[in-house]
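Here's the structure, in structure tokens; my notes come after.
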Amino acid sequence: LGFAEIIRIIVTNTITITNGSLGLKNIPSIKSMWVYWGCAILIIIILKRIINSSWGYAFKAVRDNEIAAEAMGINVFHAKLLSFTIGSAIAGIAGALMGFLITSIDPTMFRFLFTYQILLIVVLGGMGSLTGSVIAGVFITIIMEWLRVVEQDMNVFGLLTIPGLPGMRMVIFSIGLLMIILFYRQGIMGTREFNWDWLLDKLKIRRGSKRGVSL
């Protein structure tokens, strides 16, 4: 969070390159959502391939136990640097697509709250699960937009007007998040990935299993 804030301040003061606090305007617009969905699916496929490669196994080993990973011959510094590089590249692609979507970018868009939401997606979905991050990203985006109603004036049957409370959606969202973390300490998926067997197990369905009949 601190590093992200440092970068934001640097970008704000680099006026000759980023136009400072005014940001970049009139960015060409890409209106087709298929482009964004296609990029998202492509990145998920690439990440899935990386996770199941030797790089992915090295990342998991360093995540679980750096000392043990180094004892097995894994270059911990190289693995961390490679992981940071891949994550930064994906974040850069996401930022570029965001610019094409809204046609303007300025430093005020990337304040603490935005960084906090991104970290929430990772923590809520599960620190070791790609599937969990996707599920949490969709969930948090929908909930944050739906909770905007509590910050707007509400008219109850035309008889009573309840004034909106600015910032209340973050309060409600934070309380809900705390409740989820209490019951899902490792996130929604933990270190698991989605597969049909896991889903059927959660739904208490056993494929191919039949109850025996005693004679």
Apply the Karplus parameterisation 6.51 cos²θ - 1.76 cosθ + 1.60, with θ equal to phi minus 60°, to every residue of region 40-53 and state each ³J(HN,Hα) to the nearest whole Hz, in sequence, with x for glycine and proline.
4, 5, 4, 5, 4, 5, 4, 5, 4, 5, 5, 4, 8, 9
Quick query: amide H of Phe194 versus all other amide H atoms, modeled in the peptide plane; which residues come in under 5 Å with a sequence gap of 5 or more or a different chain?
Thr131
For region 18-110, just say rounded, prolate or oblate: build the C-alpha gyration tensor, square-root its eigenvalues into a ≥ b ≥ c, call rounded for a/c under 1.5, and beyond that prolate if a/b exceeds b/c, oblate if not.
oblate
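First check a/c for the chain, with a ≥ b ≥ c the square roots of the eigenvalues of its C-alpha gyration tensor; if it is under 1.5, answer rounded, and if not, answer prolate when a/b is larger than b/c or oblate otherwise. Could you put the intermediate results ahead of the total?
Numbers: a/c = 1.93, a/b = 1.16, b/c = 1.66.
Verdict is oblate for the chain.
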For the chain, compute the number of Lys pairs whose alpha carbons are separated by less than 25 Å, excluding pairs fewer than 8 positions apart on the same chain.
5
Output wanted: per-residue J couplings in Hz (rounded whole) for region 175-184, from phi through Karplus 6.51 cos²θ - 1.76 cosθ + 1.60, θ = phi - 60°, x for Gly and Pro.
5, x, 5, 4, 5, 5, 5, 4, 9, 10
By average Cβ neighbour count within 10 Å, what is the ranking of 185-193, 28-36 from highest down?
185-193, 28-36
Inter-centroid distance (Cα atoms) of region 1-59 relative to region 80-107, Å
1
Against the 2.2 N^0.38 Å scaling, with N counting residues, where does region 112-206 land? I'd like the Cα-based Rg ratio to two decimal places.
1.36
Applying the Karplus parametrisation 6.51 cos²θ - 1.76 cosθ + 1.60 with θ = phi - 60° to the phi angles of region 18-32, what ³J(HN,Hα) value in whole Hz is obtained for each residue in order, glycine and proline being reported as x?
9, 6, x, 5, 6, x, 9, 10, 6, 6, x, 8, 10, 8, 6
Under a plain spin-label model, where a point goes 7 Å from the Cα along Cα-to-Cβ, how far apart in nm are Leu81 and Leu165?
5.0
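Rule-based calculations on the coordinates, nothing more; no lab input. Nothing here was measured: the structure is a model prediction, and the numbers come from that model. Cβ atoms come from the backbone with ideal geometry, glycine included; neighbour counts cover every protein chain shown.
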